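Please read the structure below before turning to the comments.
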Amino acid sequence: MKKNKLIFLLIFFFLSVLELYSQTGKKQIAEQTYQIPGMIYISSGEFLMGTEDGFDYETPKRKVFLPAFFIDKYEVTNSQFKRFVDSTLRTPPAHWKGGSFPKGEENYPVSSIAYYDALAYAKWAGKRLPTEEEWEKAARGSDARIYPWGNDWEKKYANVRPMLGFGKPKPVGSCPEGASKDGVCDLCGNVWEWTTSWFQPYPGNTKPDPNYGEKFKVIRGGSYRQSEVIAQTVRRDFLDPNALRIDVGFRCVK
C-alpha cells in the first residue's frame, strides 16, 4: 500500500512540474510575441541593485524583483518632443529658437526638460517614466554589469566627457556597441534621464543624508559632461524636479 502511495505521489509531482513548465513556456512565448515599436522588452525577474563600492546613497547591494516592462530603445528626441509641443501647445525648451529645435538636431536627445514636462510627454505618448529600479535593471541586466555592455570600459561605446572640456550631445543611437544586452541604447552617457523615484535611502541603508525626502527626483545614466565613472549602471544623482539642465533628458517605459 505504501509503495502504491509513493508511486502515486511521484506521478503527481512529475505531472505538476510538467504543467508548470508548460504554463511558463506559454507565458514566455506570449510575452516574446508582444512587441511595441521603438521599445525593448525587459523580462520579469530578480536583479542586483546598488553597490557596496560607491557613494553611501548607492548602498547596499540587494536583490530586487520586477515584473516585465517595455522601455524606449532610445532617449526621447527633439523631433518627438516637438510633436508633443505642437499637439499640446506646451512651452518648448528655452534654448529652442522660434519654437523649434536647432536645425539638423531632430535626432538629438531633447534636453532642458523639467521632470513635470517629461511626465506630461510620457502621458501624452501613452507611456510613463521609469522608476529608478526599472532604469537600473534595463541598464544592468540580470548579471550585474558595471556598464550596459559589460564590465570593461570602452571609450567608443558611450558619449561621456572627454579628457578636456565637457563634450557635447550626439544623436541617439550614435554608440550602438554600447547597447545593453537587451538592445537599449545610450543608457551610459549622452544625457541624464529622469526617473519617477524620489531621492530616498535604499532599504537597509541607515546613513543619513540631508537631501533625502520628497525634494529631489533621481536621475540616471550620466551625460556628456561627466566621466565614465559617473555613467556606471549603479550611479544615481538627484535633481529638483523643476530644474532645467542642458544635459538632462528622459526616456519612457510601458
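Summary of computed values
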item: The range 65-90, residues that are in a loop (DSSP other than H, G, I, E, B), in contact (Cβ under 8 Å) with a residue 12 or more places away in the chain and either out of contact with any Asp or Glu (no Cβ under 8 Å at 6 or more places or on another chain) or not charged (D, E, K, R) (or both); result: P67, A68, K73, Y74, V76
item: Which listed residue is of a type outside the set (A, V, I, L, M), surrounded by fewer than 16 Cβ atoms within 10 Å (Cβ to Cβ) and touching a residue at least 60 places away in the same chain (Cβ under 8 Å), from K254, K156, K170; result: K254
item: Residue count, the range 173-203 (criterion: small (G, A, S) and touching a residue at least 40 places away in the same chain (Cβ under 8 Å)); result: 5
item: Residues that are aliphatic (A, V, I, L, M) and in a helix (DSSP H, G or I), drawn from the range 107-120; result: A118, L119, A120
item: When residues of the range 121-165 are limited to those that are outside any strand (DSSP E or B) and hydroxyl-bearing (S, T, Y), the one farthest from L48 (Cα to Cα); result: Y121
item: Meets criteria (touching a residue at least 24 places away in the same chain (Cβ under 8 Å) and either at positive phi or out of contact with any strand residue (DSSP E or B) (no Cβ under 7 Å at 6 or more places or on another chain) (or both)) for A144; result: yes
item: Which numbered condition G165 misses (of (1) at pLDDT 95 or above; (2) among the small types (G, A, S); (3) out of contact with any strand residue (DSSP E or B) (no Cβ under 8 Å at 6 or more places or on another chain)); result: (1)
item: Positions within the range 139-165 being among the hydrophobic types (A, V, I, L, M, F, W, C) and in contact with a Ser or Thr (Cβ under 9 Å, 6 or more places away or on another chain), in sequence order; result: A139, A144, I146, W149, V160
item: Residue check for S180: in contact with a Gly (Cβ under 7 Å, 6 or more places away or on another chain), surrounded by 22 or more Cβ atoms within 10 Å (Cβ to Cβ), closer than 16 Å to I40 by Cβ and polar (S, T, N, Q); result: yes
item: Where D182 falls short, out of the listed (1) of a type outside the set (S, T, N, Q); (2) under 18 Å from E58 (Cα atoms); (3) out of contact with any Asp or Glu (no Cβ under 9 Å at 6 or more places or on another chain); (4) assigned to a loop (DSSP other than H, G, I, E, B); result: (2)
item: The lone exception for G104 - which of (1) on the phi > 0 side of the Ramachandran plot; (2) in a strand (DSSP E or B) it fails; result: (2)
item: Verdict on Y41 being modelled with pLDDT under 95 and either surrounded by 14 or more Cβ atoms within 10 Å (Cβ to Cβ) or farther than 24 Å from L129 by Cβ (or both); result: no
item: Residue satisfying all of: in the range 213-251; among the aromatic types (F, W, Y) and either in contact (Cβ under 8 Å) with a residue 60 or more places away in the chain or not in a loop (DSSP other than H, G, I, E, B) (or both); farthest from G38 (Cα to Cα) among these; result: F238
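The values are calculated or read from the model by the stated rules, or taken from the named source; none is laboratory data. Bear in mind that the values here come from a model prediction, so they are computed numbers and not experimental data. Quick reminder, even Gly has a Cβ in these numbers, built from the backbone with ideal geometry, and neighbours come from all protein chains shown.
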